Amino acid sequence: MEIENNLPKTFDPKSAEDKWYSKWLESKSFKPKAGKQGKTFTVLMPPPNVTGKLHMGHALDATTQDAVIRYKRMKGFETLWIPGTDHAGISTQAVVEKLIWKQEKKNRHDLGREEFLRRVWEWKEQYGSEIVNQQQKMGVSCDWDYSTFTLDEVPNKAVKKFFVMLFNEGLIYQSDYIVNWDPILQSAISDAEVEHKEVKGFFYYLRYKVKEDPNMELIIATTRPETIFADTAVAVNPDDERFKDLIGKTAIIPICNREVPIIGDEHVDIEKGTGCLKVTPGHDFNDFEIGKRNGLPIINILNKDGTFNKLAPEIEGLKPKDARAEVERILTELDALVEKKEHMNSVGHGQRSDEIVEPMVSKQWFLNTTEMSRVAVEAVESGEMTFFPKGWENTYFAWLKNPKDWCISRQLWWGHQIPVYYCKSCDAKWAAETDPSECVECRGKDFFQDPDVLDTWFSSGLWPLSTLGWPDEKVMAEKGFDKFYPNETLITGFDIIFFWVARMMMMGMKVTGKAPFAHTYIHAIVRDKQGRKMSKSLGNGIDPLDMVAQYGADAMRFTLAAGSGYNRDLNLDPERIEGYRNFVNKLWNAFRFVHPFLDKAKDELPVKSEWHLHDKWILAELNTVSKHMNEAFDVYRFDDASAEIYAFVYDKFCSWYIELSKNILYGEDEKAKIIRATMLKYCFRKIVNLLHPIVPFITEEIWSYLETDSKRLLISEEYVEFDKSLENDDVREMMNKFIDITTGIRNIRSSVNMKPKDEIDVKLFTDDKKLAKFVYESRHFLKDLANVKSGTIRNKEQDRPKKSASLATAHTEIFIPLEGIIDLNEQVNRIKKDMEKTQAEYKKVESKLNNQNFMANAPEEVRAEVNEKAKMYQDKLQSLNTLLDSFM
RNA sequence: GGGCGUUUAGCUCAGCUGGGAGAGCGCUACCCUUACAAGGUAGAUGUCGGGGGUUCAAUCCCCUCAACGCCCACCA
């Protein structure tokens with residue numbers, strides 16, 4: 001019979017993607033809608049930087065969040081997924097500065113603050129929307145009306161409100177402090193933004209004279225000889241027998257010949273170096289502390305661009321590297337350099353600029369996080385917020401249990417300007433949420449705002465609040481703050497646990513007393529197939545949009561979901577995407593098979609008494625899959641969810657149910673046809689439903705053929721739930737046996753190199769009467785599945801055919817009489833091999849049963865299982881013996 | 001130096017509270033069989049990093065060694 005099919009032979013992702021994304025937008029399917037759960041479910045998208053092109057990490061973010069949101073939406077939660085973008089102070093400013101320099105040879109100071117910011121905004125308007133396009137290509141179902149940019153009005157207000165609040169509480173303070181200075185950005189950066197890298201350097205052993213005793217000299221080891229101009233002391237350990245008499249005396253710094261005190265300080269390690277330490281409070285974190293303890297002066301010998309200033313006259317204007325060489329030259333000349341030894345040094349680099357950061361003392365704003373950290377720790381310890389996988393809480397704790405004050409000011413222009421004002425007429429300094437018109441103290445008009453801006457993470461930390469309108473009460477009401485805060489789940493990568501997760505926790509709890517989200521799912525970092533980080537310099541990056549163009553968004557999403565469980569790395573090989581593209585296509589073709597029969601299908605399932613055993617079986621299997629998928633999604637095991645449905649579609653639905661349906665659908669029995677068509681349609685509705693959170697496009701496309709009401713979109717359907725009444729272990733057992741027999745016959749066919757066209761006669765022997773009956777009734781199917789032309793099925797008391805190709809399962813012996821055609825020795829060997837294997841298995845269980853300790857200690861169910869297995873192996877061995885006998 | 005993690009089939013990885021070693025990709029043979037060659041059928045492959053211990057029973061728990069990776073701190 002010829003069946004017409006007007007569907008394309010391969011699935012075309014592109015047209016489906018565009019079509020359905022617009023339909024979802026039109027139908028407002030992404031907007032929160034009250035559902036049967038009576039609860040909200042909010043997810044906050046980590047806002048990508050406006051500078052950025054989306055990379056695979058974003059694609060993983062998008063896929064996992066979209067899967068969760070779609071799942072929960074279908075489960076009947078009122079879902080809200082909030083998108084947005086981050087102004088990313090440092091990187092954006094750097095990108096635009098570079099661009100302007102390239103085009104006009106002007107730096108930001110040439111343009112002035114106002115003009116420069118205008119240019120950055122212009123740039124942002126042009127490129128910021130690119131991100132939205134890219135996200136939409138991946139199918140994200142977020143509510144675009146909630147889209148927020150960190151420099152929008154409300155986040156601006158949030159930042160100011162929070163700043164002023166903490167300023168007035170005394171938690172935000174200004175201080176001269178040693179900070180990490182990035183000479184490229186010409187700004188302070190926080191500790192968290194510094195990355196340490198191993199760099200080859202040297203130990204320089206320098207000779208310092210002691211003023212009081214011209215014959216005495218101290219040898220000091222240092223890795224940074226160029227900083228001697230900023231030294232204000234020499235320190236030794238007060239318990240160090242070698243040097244303690246020198247404490248109180250004076251050392252003379254080579255080159256600049258400055259006299260500095262020799263002091264005793266516990267920090268000095270007797271074992272390390274020479275036991276003498278040069279103290280540079282202006283350019284070293286530890287020395288800064290020593291200086292504070294001992295009241296030492298601070299000398300700053302660096303300019304903002306990292307070159308040396310006039311306090312280091314011999315090297316003025318030089319960069320640290322050149323300065324070091326010059327100092328080395330002079331020291332050698334003066335015979336003050338005793339020795340130079342190679343040494344691996346770990347040196348701080350700016351996360352953004354990748355330039356060596358210089359510790360430098362400057363006036364900065366700090367946020368005291370002691371109390372906020374404690375609260376944030378408590379929230380996780382109490383279970384108010386849970387990490388998935390749980391292990392990541394260690395990383396979180398490591399950061400928060402050892403809080404350091406957070407340097408929040410940056411010497412940049414692009415960002416939230418610090419809302420602190422200074423009066424020029426009096427000494428007043430105050431923080432205000434709105435632009436002031438006069439000095440709070442002298443009411444003078446001559447005041448100015450602090451020129452610095454806040455660390456980007458300061459505004460990101462308030463993201464859960466500001467995206468829902470805080471602190472503007474009107475906007476909060478519009479956006480449903482009370483309804484959607486706290487969020488339910490945060491999904492992000494582990495690299496920003498303390499940059500972002502910890503800060504949101506601290507700030508969210510500070511403002512509302514509640515953790516901003518209940519769950520944090522930490523997903524893997526996407527790497528290349530060799531496990532290397534994707535980076536520009538390696539050129540191993542994979543562009544998600546290329547993958548979408550090449551294989552379709554569904555294939556890429558399925559790949560990412562399948563690779564994303566509780567693992568730390570996700571090594572992505574484009575070949576895997578191709579593999580899952582094939583899966584998507586498989587699904588499409590399975591549907592192509594069903595499609596012509598949809599006319600016959602009814603919308604309601606027939607009464608149970610009319611179900612074929614195949615139907616009961618596939619519905620039971622599908623039901624189990626739905627159970628496992630629900631469980632997996634609930635705990636963010638996207639890998640399990642994907643594997644479950646993948647295996648079902650391939651190994652159960654396509655390989656068996658569809659194959660078994662052909663005989664019926666191409667047959668004569670009209671009633672049976674209708675039932676089978678109805679069942680297939682029903683299964684397909686469930687399959688695309690279950691798959692929808694992972695592969696939204698193809699499932700919506702297929703759904704459109706299955707649902708007559710074109711207004712009902714799959715995205716808004718109810719997710720399949722477990723239904724206990726569909727479970728049926730007897731049917732499963734029967735089908736498994738039938739599959740054993742079919743596979744067994746195919747196995748024999750393959751072993752004797754039979755062509756698919758060759759028809760065969762099969763003789764089956766089993767003592768399972770129900771099975772015998774079912775197999776007999778299924779004889780037509782066996783023709784389709786294994787080209788069985790004729791056969792008999794008898795009990796094991798009957799004589800077996802001689803010299804046949806044969807095989808034994810635990811329940812059935814299969815004979816294919818082929819005397820004269822087959823190599824008998826080969827057959828005997830095959831049976832013997834099977835026998836050895838089975839015997840080995842049997843021995844394993846037998847030894848357990850003979851082990852008294854096992855019988856005494858093992859739980860009953862385990863014993864029962866082992867018993868059953870032993871019986872199964874015995875049966876099989878007996879059958880194999882019978883098979884061998886047939887060759888005698 | 002402190003902490004975390006990883007080590008299971010050629011590759012990438014799953015294996016929950018101990019009780020049959022699994023998946024995908026790849027590979028081999030045969031097949032263009034009327035949903036699908038982006039396919040079908042059949043098949044091969046593991047001393048579960050090494051050693052020791054607990055247990056009737058260890059990939060799983062404990063100890064130890066080794067290799068690799070990450071994070072933090074520090075480096076006179």
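General observations
- Residue in region A:263-299 that is farthest from RNA strand B (Cβ to nearest atom), counting only those that are assigned to a loop (DSSP other than H, G, I, E, B) and of a type in the set (S, T, N, Q): A:T280
- Residue within region A:815-832 that is at pLDDT 85 or above and within 13 Å of RNA strand B (Cβ to nearest atom) present: no
- Residue selected from region A:156-177 under the condition over 34 Å from the mean Cα position of the chain (by Cα) and either of a type in the set (D, E) or over 16 Å from A:D455 (Cβ atoms) (or both), by the criterion modelled with the lowest pLDDT: A:D176
- Criterion violated by A:P238 - all others in (1) within 15 Å of RNA strand B (Cβ to nearest atom); (2) surrounded by 18 or more Cβ atoms within 10 Å (Cβ to Cβ) satisfied: (2)
- Of the set (1) surrounded by 17 or more Cβ atoms within 10 Å (Cβ to Cβ); (2) within 10 Å of RNA strand B (Cβ to nearest atom), all apply to A:L877 but (2).
- So A:E733, is it assigned to a helix (DSSP H, G or I) and within 13 Å of RNA strand B (Cβ to nearest atom): yes
- Subset of region A:121-145 [at negative phi, in a loop (DSSP other than H, G, I, E, B) and not hydroxyl-bearing (S, T, Y)]: A:M138, A:V140, A:C142, A:D143
- In the set (1) more than 30 Å from A:L690 (Cβ to Cβ); (2) in contact with a strand residue (DSSP E or B) (Cβ under 9 Å, 6 or more places away or on another chain); (3) within 10 Å of RNA strand B (Cβ to nearest atom); (4) part of a helix (DSSP H, G or I), the condition left unmet by A:W500 is number (3).
- Among the residues of region A:531-565, those identified as more than 18 Å from A:F11 (Cα to Cα), within 8 Å of RNA strand B (Cβ to nearest atom) and either of a type in the set (F, W, Y) or at pLDDT 80 or above (or both) are A:A562, A:G563, A:G565.
- Residues considered: A:I793, A:I822. Of these, the only one that is in a loop (DSSP other than H, G, I, E, B) and surrounded by 13 or more Cβ atoms within 10 Å (Cβ to Cβ) is A:I822.
- Residue list for region A:736-748, filter: buried (at least 20 other Cβ atoms within 10 Å of the Cβ) and either within 10 Å of RNA strand B (Cβ to nearest atom) or of a type in the set (V, I, T) (or both): A:I741, A:T742, A:G744, A:I745, A:I748
- Selected residue [within 8 Å of RNA strand B (Cβ to nearest atom), in contact (Cβ under 8 Å) with a residue 60 or more places away in the chain and closer than 20 Å to A:R676 by Cα] from A:R592, A:R568: A:R592
- So A:F308, is it away from RNA strand B (no atom under 16 Å from the Cβ) and either modelled with pLDDT under 90 or buried (at least 16 other Cβ atoms within 10 Å of the Cβ) (or both): yes
- The criterion of at least 1 residues that are over 28 Å from the mean Cα position of the chain (by Cα), within 16 Å of RNA strand B (Cβ to nearest atom) and more than 30 Å from A:M504 (Cβ to Cβ) is met by the following helices (runs of 4 or more DSSP H) wholly inside region A:1-119: A:13-26.
The values are calculated or read from the model by the stated rules, or taken from the named source; none is laboratory data. Given the structure is predicted, the values throughout are model-derived calculations rather than measurements. With ideal geometry, Cβ positions are generated from the backbone for all residues, glycine too; neighbour counts draw on all protein chains shown.
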